[in-house]
């Protein structure tokens with residue numbers, strides 16, 4: 001059972017006391033109004049009763065969702081938006097199921113995450129703004145706050161175990177990102193409970209204020225240092241892999257997904273694809289701290305695929321910033337290249 005320590009609770013209470021200022025009160029009232037405006041759009045459209053939202057109505061909901069909360073994905077319009085990347089009928093169906101479905105929440109969340117270009121943050125914003133007293137808002141910056149609060153690995157494991165048991169999460173049936181969301185659900189619910197807050201919007205604002213007070217990257221104890229690379233947090237690597245798999249053409253046009261977490265004799269491949277020439281493509285999503293080492297790893301996987309499929313594969317390493325070490329490591333193998341996807345993993349406030 002996940003519990004906050006006395007020290008962690010005291011630190012949160014100190015910040016909660018500061019939330020009584022006028023700016024915060026106005027922000028909270030504005031967020032609640034946005035939530036009511038979203039519900040009004042749904043009621044007028046008879047959405048719960050099976051009527052679909054128009055594209056204009058969905059974009060208006062996106063505006064209300066992101067206002068003073070952020071989320072770049074909800075700012076995108078056109079064919080790369082979450083609404084137009086999926087068919088209008090499909091998006092409406094999944095959103096109706098997420099908000100009004102009768103199946104267990106874990107299934108509704110997992111099904112919604114199957115939509116193209118939809119990640120945990122976007123999914124949780126829909127849920128939270130629909131019922132901010134019941135559902136938490138998830139943002140990547142929260143991992144930094146939990147580090148600041150000194151949450152122990154044992155606490156994260158307790159939250160994970162509780163989430164699996166309470167929400168009925170089954171490995172190989174539900175996405176890793178689904179488990180990440182519910183693990184954070186458990187932690188955020190405990191924060192809301194110990195601080196006696198009425199809404200998860202209040203929890204989000206509290207954690208954002210804490211994050212905003214942390215020293216800038218590359219500074220510690222008041223001293224400036226070399227700019228630090230933006231490293232993908234452990235808890236986000238699996239959801240990122242799933243997000244890329246659902247939007248595989250962002251890696252290379254014409255790629256077709258075969259399977260995620262494909263097992264070989266050499267280990268588990270993040271994403272196995274096929275290109276337009278029917279050639280197998282091994283895709284690995286990696287963190288900064290081991291990005292150059294992945295070259296040896298992906299070559300092993302390519303060797304395993306060559307033996308298993310009797311075909312000459314290619315390899316693509318996906319990361320979010322340029323890395324000279326990776327350039328040198330992959331320079332001598334033309335069958336292996338890397339792709340920079342400019343994804344930001346922090347400051348989604």
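Summary of computed values
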quantity	calculated
Residue ID - nearest to the chain's Cα centre (by Cα), chosen from residues in the range 26-51 that are in a loop (DSSP other than H, G, I, E, B) and loosely packed, with under 15 Cβ neighbours inside 10 Å	48
Condition met for residue 114 (within 14 Å of residue 175 (Cα to Cα) and surrounded by fewer than 16 Cβ atoms within 10 Å (Cβ to Cβ))	yes
Residue 128, sole failed condition from (1) over 18 Å from the mean Cα position of the chain (by Cα); (2) assigned to a helix (DSSP H, G or I); (3) surrounded by 21 or more Cβ atoms within 10 Å (Cβ to Cβ)	(1)
The range 107-120, subset assigned to a helix (DSSP H, G or I) and under 17 Å from residue 245 (Cα atoms), residue nearest to the chain's Cα centre (by Cα)	120
Qualifying position, being touching a helix residue (DSSP H, G or I) at 6+ places or on another chain (Cβ under 6 Å), in the same structural domain as residue 156 (by TED's automatic domain parsing) and in contact (Cβ under 8 Å) with a residue 60 or more places away in the chain, among 35, 62	35
Qualifying residues in the range 92-106 (those that are without any contact (Cβ under 8 Å) to a residue 40 or more places away in the chain and farther than 20 Å from residue 247 by Cα) - the one surrounded by the fewest Cβ atoms within 10 Å (Cβ to Cβ)	102
The range 161-178: number of residues that are free of Cβ contacts under 8 Å to residues at least 24 places away in the same chain, within 27 Å of residue 271 (Cβ to Cβ) and not in a loop (DSSP other than H, G, I, E, B)	3
Residue among 162, 133, 171 that is under 28 Å from residue 40 (Cα atoms) and surrounded by fewer than 21 Cβ atoms within 10 Å (Cβ to Cβ)	133
Unique match (being part of a loop (DSSP other than H, G, I, E, B) and modelled with pLDDT under 95) among 201, 151, 207	151
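Condition check ((1) modelled with pLDDT of 85 or more; (2) within 27 Å of the chain's Cα centre (by Cα)) across all residues:
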site: 253; (1), (2): yes, yes
site: 268; (1), (2): yes, yes
site: 304; (1), (2): yes, no
site: 312; (1), (2): yes, no
site: 316; (1), (2): yes, yes
site: 332; (1), (2): no, no
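The rows are residues; the columns are (1) within 25 Å of residue 36 (Cα to Cα); (2) at pLDDT 95 or above; (3) not in a helix (DSSP H, G or I).
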| site | (1), (2), (3) |
| --- | --- |
| 135 | yes, yes, yes |
| 144 | no, no, no |
| 187 | no, yes, no |
| 193 | yes, yes, no |
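The values are calculated or read from the model by the stated rules, or taken from the named source; none is laboratory data. Keep in mind that what you see is a predicted model, and the values were worked out from it rather than measured. Glycine gets a Cβ as well: all are built from the backbone with ideal geometry, and neighbour counts include every protein chain shown.
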